[in-house]
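The values are calculated or read from the model by the stated rules, or taken from the named source; none is laboratory data. All values reported here derive from a predicted model rather than from experimental measurement. Reconstructed Cβ throughout: ideal geometry from the backbone, glycine too, with neighbour counts over all protein chains shown. Accessible surface areas use protein heavy atoms only, side chains included; no ligands, DNA or RNA. Shrake-Rupley method; radii C 1.70, N 1.55, O 1.52, S 1.80 Å.
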Amino acid sequence: METNLVFEGVKFMGIGMGAVFLFLAVLIFFMGVMSKTVHKFFPEVKPNLGSSSKSVQSNNQEQEQKVVAAITAAIKHHRES
Amino acid sequence: MRFMIIKLLTFLMLLSATVYADDAAPVEAPQKASTHKEETYKTQPFSDMIGGFLTSTGINALVNPNPNEMNAHGEAMSDFHKGWGRVIMILITFLLFYLAIVKGFEPLLLLPIGFGGLLANIPVANMAGPDGFLGIIYHMGLANQLFPILIFMGVGAMTDFGPLLSNPKTAFLGGAAQFGIFGTLVGAVALAEYTPFFDFTLQQASAISIIGGADGPTSIFIATQLAPELLGAIAVASYSYMAMVPIIQPPIMKALTTDAERRIRMSTMRHVSRLEKLVFPIMVLVLAILVLPDSTPLIGAFMFGNFLKESGVVDRLSDTMQNALINIVTIFLGLAVGSKLASDQFLVADTLAILALGIVAFSAGTAAGVIMAKIMNLFPGSKVNPLIGSAGVSAVPMAARVSNKVGMEYDRTNMLLMHAMGPNVAGVIGSAVAAGVLISIFK
């Protein structure tokens, strides 16, 4: 009896999709486990406060400079007009 | 004392004499050779020389095919494939140049493939044969599947698994899209079974169906292993359809979703720590080792590249993989695939079936991804926008961009790009697994 190729193809589809989903399901499960473990035992070190306060300071300075520039421009404009 | 000097002189003379004798010997040999040459070279009349030159031209080779000419595998070719077939193939390569340069279809691959095809169809020179340079490149890295693996390494070094890690369940979308592969496999064997024109074996059908994975290197990897005779058509179909993702996918995505579904907003992504990203490639590889070792050549190379990138301590190596290495391999891969565009292998009815099945495979994969997203929305939990389902076909990052673009058509502030990258990279893993399954079946 000649084998029906289409039936063979359907069998391939069953095995193939089954393997892909099985693999991804196991992967999803372990991704969850791994994320929890990592967050529990090795929490990511927060960026240290020293550098962040520095950046805030520099931000403030920038802002001040901008304000000064704006005021100077306004005064100049006022005098000229 | 004088006696000593005479002795020394005679010794020197003897020495020089022997040296001269040694010198003289090889001088004679070329003289002999040249006289020999003169014997074989016969003077011919000028008219004969012109005639001889004319018979060696390409025009003559195309118009009057040489009956003794063999194809790259040393098999006989039909006169059509030696003559007009080559002209047609050269015109097809011009079409590939047009698509690559003017339309911007995957120029990085279609240009080397097209030019390789142009060179492979030159009569007389036989560049695709085992001694031609295209043939040498083919045997160097494509016949043994080296090039696709190296490309995978580079792709791994360019991939960021962050979006997948922050929303792991979207990996199922990448799995569902692999239906494109297996659905097309059934379609191809059905064609072979119920139509008289095509006669695909299961190996050939599997090689064709992997186009549905929308992953060029995987397609080439499988095709060289299962059906090397179809490699040219499969690679061209795979890369051209990948380039056409923005045209093929949106109508399918719109047809399968409602307006409300397309406007679904997905929750913002959580931050993924560096350690998670570093552990992930090793974890996937360990799973592949345990579940499906046949997929480890592809997954192993992919994860190697990714691991180097995420380790953060070997930027030089990861940079080489992402740029220099992948560029060099792309040139060789393109030329080697192009060498399979010889007229006797490409101008066959099977090519048309491959092109048709390829687009079916892409569409089926897209549809399956979208439908899977809708199924996932039936379950409780955070909702998934079905538009990112289509990104489950690999085609990184084109498919994810298409999801984002279609989503923005309906809600300008709904950014789906990063959400779509999750299924997108899961699709790469999924198609590597599917490839491993096919390889394990035919072992």
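Could you say whether any residue in the range B:290-302 is open to solvent by 40 Å² or more (accessible area, probe 1.4 Å) and under 23 Å from the mean Cα position of the chain (by Cα)?
Going residue by residue through the range B:290-302, those that are open to solvent by 40 Å² or more (accessible area, probe 1.4 Å) are B:290-291, B:293, B:297.
Right, trim to under 23 Å from the mean Cα position of the chain (by Cα) and you get B:293, B:297.
Scanning the range B:290-302, I find at least one residue that is open to solvent by 40 Å² or more (accessible area, probe 1.4 Å) and under 23 Å from the mean Cα position of the chain (by Cα), so the answer is yes.
Is it the case that some residue within the range B:216-237 is within 23 Å of B:Glu409 (Cα to Cα) and out of contact with any Phe, Trp or Tyr (no Cβ under 6 Å at 6 or more places or on another chain)?
No.
For the range B:339-397, give me the residue count where each residue is out of contact with any Ser or Thr (no Cβ under 8 Å at 6 or more places or on another chain) and more than 19 Å from B:Pro168 (Cβ to Cβ).
25
Let's see how each residue does on (1) more than 24 Å from the chain's Cα centre (by Cα); (2) more than 14 Å from chain A (Cβ to nearest Cβ); (3) open to solvent by 10 Å² or more (accessible area, probe 1.4 Å):
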{"position": "B:Leu335", "(1), (2), (3)": "no, yes, yes"}
{"position": "B:Ala364", "(1), (2), (3)": "no, no, yes"}
{"position": "B:Lys383", "(1), (2), (3)": "yes, yes, yes"}
{"position": "B:Pro386", "(1), (2), (3)": "yes, yes, no"}
{"position": "B:Met408", "(1), (2), (3)": "yes, yes, yes"}
{"position": "B:Asp411", "(1), (2), (3)": "yes, yes, yes"}
{"position": "B:Pro423", "(1), (2), (3)": "no, no, no"}
{"position": "B:Gly436", "(1), (2), (3)": "no, no, no"}
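Filter the range A:25-61 for residues that are modelled with pLDDT under 80, in a helix (DSSP H, G or I) and open to solvent by 100 Å² or more (accessible area, probe 1.4 Å) and give the result. Step through it out loud before you land on a result.
So the first thing to find is which residues in the range A:25-61 are modelled with pLDDT under 80, and the list is A:44-61.
Applying the additional criterion that residues be in a helix (DSSP H, G or I) yields A:49-61.
Within the range A:25-61, A:Leu49, A:Lys54, A:Gln57, A:Gln61 meet the criteria.
Hey, B:Leu387 hits all of (1) in contact (Cβ under 8 Å) with a residue 60 or more places away in the chain; (2) closer than 25 Å to B:Ile222 by Cβ but one; which does it fall short on?
Condition (2) is where B:Leu387 drops out.
Can you pull out the residues in the range B:171-183 that are in a loop (DSSP other than H, G, I, E, B) and more than 7 Å from chain A (Cβ to nearest Cβ)?
In the first step, residues of the range B:171-183 are kept if they are in a loop (DSSP other than H, G, I, E, B); the result is B:177-178.
B:Ala177, the sole residue that qualifies.
I'd like to verify a number: residues in the range B:313-330 that are surrounded by fewer than 15 Cβ atoms within 10 Å (Cβ to Cβ) and out of contact with any Leu (no Cβ under 8 Å at 6 or more places or on another chain), how many?
Going residue by residue through the range B:313-330, those that are surrounded by fewer than 15 Cβ atoms within 10 Å (Cβ to Cβ) are B:313-316, B:319, B:323-324, B:327-328.
When the remaining residues are screened for being out of contact with any Leu (no Cβ under 8 Å at 6 or more places or on another chain), the result is B:313, B:315-316, B:319, B:323-324, B:327-328.
Of the residues in the range B:313-330, 8 are surrounded by fewer than 15 Cβ atoms within 10 Å (Cβ to Cβ) and out of contact with any Leu (no Cβ under 8 Å at 6 or more places or on another chain).
Tell me, which helices (runs of 4 or more DSSP H) wholly within the range B:184-280 include 3 or more residues that are crowded, with 22+ Cβ neighbours inside 10 Å and within 11 Å of another protein chain (Cβ to nearest Cβ)? Before you say what the answer is, go through the steps one by one.
Working: elements: B:202-209, B:216-226, B:231-243, B:245-256, B:259-262.
Correct list: B:202-209.
Could you tell me which residue of the range B:425-434 is farthest from B:Met269 (Cα to Cα), considering only residues that are facing chain A (nearest Cβ under 10 Å) and of a type in the set (A, V, I, L, M, F, W, C)?
Within the range B:425-434, the match that is farthest from B:Met269 (Cα to Cα) is B:Ala434.
Just give me the residues in the range B:159-170 being open to solvent by less than 10 Å² (accessible area, probe 1.4 Å) and either of a type in the set (D, E, K, R) or within 7 Å of chain A (Cβ to nearest Cβ) (or both), in sequence order.
Once the filter is applied, which keeps residues that are open to solvent by less than 10 Å² (accessible area, probe 1.4 Å) and either of a type in the set (D, E, K, R) or within 7 Å of chain A (Cβ to nearest Cβ) (or both), the range B:159-170 yields only B:Leu165.
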